[in-house]
Amino acid sequence: MRTPTDRPLALTLGLATAGAVTLGACGGGPAPAGQEAGASSTALPSGTEAVRLDPKSFTTDITNPWWPMAVGDHWTYTETDADGGEQRVDVTVLDKTERVADGIEARVVHDQVTDHGAVVEDTQDWYAQDADGNIWYLGERTAEYENGQVTSTEGSWEAGVHGAQPGIAIPADPRPGLAYRQEYLKGQAEDAARVLSTDEQAEVPTGHYTGVLMTRETTPLEPDTTEYKFYARGIGEVMAVQTSGGTSTERLVQTTRTG
């Protein structure tokens, strides 16, 4: 996803403000080799490290306060690029689960991107929550479209297939400096994140939020790209800002919560 900037950060972006953030020591290191995660482990995965997850310690009932996912929950975002181009992003929690190769039953979340009504990307993401409250990202089935035809499925991956390893979407206890892998499939999905703050503010069309979680996402596959994401308690992601490797801003414009 995006390249790190290990120094205090100040963002003032019109519809959002993020105060100066000083990164502390990383609070989530890799689990020791062969360590089983999911039941009582507080270590989060990093890099290419392989993890063994216990399916019995996972649930599709996702209640992490930074991104609760009840069936039927829906978020609509508007993504605007540096040239003023605009796309719509709809994210819906489906009444559907998927058993991934790692043996874990995952909640399916549908993510669709449209441009003037035409689908340009359609994805099913797979998430599950462990006993500690961490939301694990277990894979995705994605397709890019042009003129109604699929042009690429690159980026699709499934934990346990072809060496793919799961990662963390949202940690149970985010704190400044905490770093973790989000996904890993060599050459296709190598995203990582770091928590910068849990006390930010964000203002988007759905409202003004305080006590916001702010993360920085990077990937070695696009080393010039950095993205900052903002999560409000009880809502989920309210904004994402790409500040290098091309600029864009994604803002929450509508949400339907069923949980």
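What do you reckon, is Glu144 open to solvent by 30 Å² or more (accessible area, probe 1.4 Å), within 24 Å of Glu227 (Cβ to Cβ) and without any contact (Cβ under 8 Å) to a residue 40 or more places away in the chain? In short, yes.
Taking segment 126-160 only, how many residues are assigned to a strand (DSSP E or B) and in contact with a Gly (Cβ under 8 Å, 6 or more places away or on another chain)?
Within segment 126-160, the subset assigned to a strand (DSSP E or B) is 126-130, 135-146, 149-152, 157-158.
Now narrow it down to the ones that are in contact with a Gly (Cβ under 8 Å, 6 or more places away or on another chain): 126, 130, 136-137, 140, 142, 157-158.
Residues in segment 126-160 being assigned to a strand (DSSP E or B) and in contact with a Gly (Cβ under 8 Å, 6 or more places away or on another chain): 8 in total.
How about segment 147-191: which of its residues are of a type in the set (Asp, Glu) and without any contact (Cβ under 8 Å) to a residue 40 or more places away in the chain? Spell out the reasoning first.
The first filter runs over segment 147-191 and keeps only residues of a type in the set (Asp, Glu), leaving 154, 158, 173, 183, 190-191.
Matches in segment 147-191: Glu154, Glu190.
Looking only at residues of segment 163-175 that are over 14 Å from Glu140 (Cβ atoms) and touching a Lys or Arg at 6+ places or on another chain (Cβ under 9 Å), we find that the one that is least open to solvent (accessible area, probe 1.4 Å) is Ile168. The condition of being more than 25 Å from Arg52 (Cα to Cα) and at pLDDT 95 or above holds for only one of Tyr184, Tyr180, Tyr145, that being Tyr145. Kindly list the number of the only condition in (1) of a type in the set (Val, Ile, Thr); (2) buried (at least 17 other Cβ atoms within 10 Å of the Cβ); (3) at pLDDT 95 or above that fails for Thr210. Answer for Thr210: the failing condition is (2).
Check Asp102, Asp61, Asp130 and return the single one that is more than 29 Å from Gly246 (Cβ to Cβ), at pLDDT below 95 and either open to solvent by less than 50 Å² (accessible area, probe 1.4 Å) or not aromatic (Phe, Trp, Tyr) (or both). Steps first, please.
Details: Asp61 fails: at pLDDT below 95; Asp130 fails: at pLDDT below 95.
On inspection, the qualifying residue turns out to be Asp102.
The values are calculated or read from the model by the stated rules, or taken from the named source; none is laboratory data. Since this is a predicted model, take the numbers as computed values, not measurements. Backbone-built Cβ (ideal geometry, glycine too); neighbour counts: all protein chains shown. In case anyone asks, the SASA skips ligands and DNA or RNA and just uses the protein heavy atoms, side chains included. Shrake-Rupley method; radii C 1.70, N 1.55, O 1.52, S 1.80 Å.
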